[in-house]
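Visitor: Dropping a structure here in structure tokens format, bear with me for questions.
Please treat every number below as a calculation from the coordinates, not as lab data. Nothing here was measured: the structure is a model prediction, and the numbers come from that model. Quick reminder, even Gly has a Cβ in these numbers, built from the backbone with ideal geometry, and neighbours come from all protein chains shown.
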Amino acid sequence: MFKIIFSDIDGTLLNAERDLSEYTINTIKKLSRANIPFILISSRMPAAMRHLQQKMNIEHLPLISYNGGLIIVDGKPVSSTEIPLNILSDLHNFNLDHDVHLSLFHNDEWYAPRDDFWTQREINNTKVQPELKDNKTILEKWKAENKGAHKIMAMGEQEKIDAVKNFLTDNFSDDLHLYRSKPTYLEIAPKKISKLTAVQHLLDNHFQLPLSQSMAFGDNYNDVEMIKGVGMGIAVGNAKPDVLEVAHMVTTPGKEDGVAKSINELLKI
């Protein structure tokens, strides 16, 4: 029997309006009454997840943000993995000739270099406002604070993103995970973490449950390990081929309440 559920957000849990449907909200509330935790696990920052938790009445539950780079329990970080400053600095110097939009994230801080098309698109997607500060200023600030980035989001024309990806692959392939969710987007995260390592951490340290009793939903490349590793990994119908290939089961697309439908069918709640 499954005693805990992990779900990705974008492309998996949200409807066509990039919000939670009433059916999904009601399903998660039923899960709560059945004492089955529903944990959001995303590449988003915590601030872009909490409003969704509130709608489902699950603010008391842990959050996994930045693809596992930051795990929050009872409002406090219990695990934090960052991209070190030397990599940020090298990327910044490389980018001086390419001018790709580099958004820098640490916990609930989001720094966008300028208010452009990409910034507005992310505000629209996540309902969070960034601070507008150039990358160099933030690197100096974080150096003084002894901080790195939980995530870097590179956004721009396809050829420019190709150049950034090639630079990072050539120089830091042992240190970084590079997720290309779209030709114009490159998500950069520390290599030693994944959604599966974060799931394992929470199960071992917080819930004391085995992987075999966990269920997870996802749609994208950064969900592959998790979908493969949990007791029941479910891909939504719109998932990438790599995810569909490793999933134990495929449900309807995310925009058609695939997550909630599967929960209702499998758990009979």
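Visitor: Neighbouring Cβ atoms within 10 Å as the yardstick, rank T137, T24 fewest first.
Guide: T137, T24
Visitor: From the helices alone, meaning DSSP H stretches of at least four residues, give me the mean residue ellipticity at 222 nm for the chain, per-run term -39500 (n - 2.57), in deg cm²/dmol to the nearest 500.
Guide: That calculation yields -10500 deg cm²/dmol at 222 nm.
Visitor: Further question: Roughly speaking, what is the centre-to-centre gap between the range 182-242 and the range 110-157 when only Cα atoms are used, to the nearest Å?
Guide: Here the answer is 25 Å between Cα centres.
Visitor: Next question, about the same structure. Say we join alpha carbon atoms closer than 10 Å with springs in a Gaussian network model of the chain; which of V259, V243, V73 then has the biggest fluctuation?
Guide: Comparing V259, V243, V73 in the GNM, the peak value goes to V73.
Visitor: Let me ask something else. Within the range 13-74, report the chymotrypsin sites (Phe, Trp or Tyr not before Pro) that DSSP leaves as loop and that have at most 14 other Cβ atoms within 10 Å.
Guide: On the way: sites: Y23, F38, Y66; in loops: none.
Loop-located and lightly packed - none at all.
Visitor: Further question: Going by the alpha-carbon gyration tensor, a ≥ b ≥ c the square roots of its eigenvalues, is the range 69-201 rounded (a/c under 1.5) or, if a/c is not under 1.5, prolate (a/b greater than b/c) versus oblate?
Guide: Details: a/c = 1.38, a/b = 1.23, b/c = 1.12.
It comes out rounded by the Cα gyration axes.
Visitor: Helix 258-267 versus the longest principal axis of the chain: what is the Cα-based angle in degrees, 0 to 90, to the nearest 10?
Guide: 40 degrees
Visitor: Still on this structure, I have one more. Give me the lysines in straight-line cross-link reach of K141: C-alpha distance below 19 Å, same-chain residues under 8 apart excluded.
Guide: Filter leaves K133, K151.
Visitor: Restricting to the range 85-190, what percent of DSSP beta bridges are antiparallel, rounded to 5? Don't skip to the end; give the middle numbers.
Guide: Details: 17 of 19 bridges.
Antiparallel bridges: around 90 percent, rounded to the nearest 5.
Visitor: If you line up the long axis of helix 117-126 against the longest principal axis of the chain, both from Cα atoms, how many degrees apart are they, to the nearest 10?
Guide: 20 degrees
Visitor: In a GNM of the chain with a 10 Å cut-off on Cα contacts, which of V199, V164, V224 has the highest mean-square fluctuation?
Guide: V164
Visitor: Which angle between 0 and 90 degrees, to the nearest 10, do you get for helix 158-172 versus the longest principal axis of the chain when only C-alpha atoms count?
Guide: Taking Cα atoms only, the helix is inclined about 90 degrees.
Visitor: Once you order the gyration tensor axes a ≥ b ≥ c over the Cα atoms, which shape class does the range 110-269 get: rounded for a/c under 1.5, otherwise prolate or oblate by comparing a/b with b/c?
Guide: Prolate.
Visitor: Take every DSSP beta bridge whose two residues both sit in the chain, then give the antiparallel share in percent to the nearest 5.
Guide: Values: 25 of 41 bridges.
Rounded to the nearest five, the antiparallel share is 60 percent.
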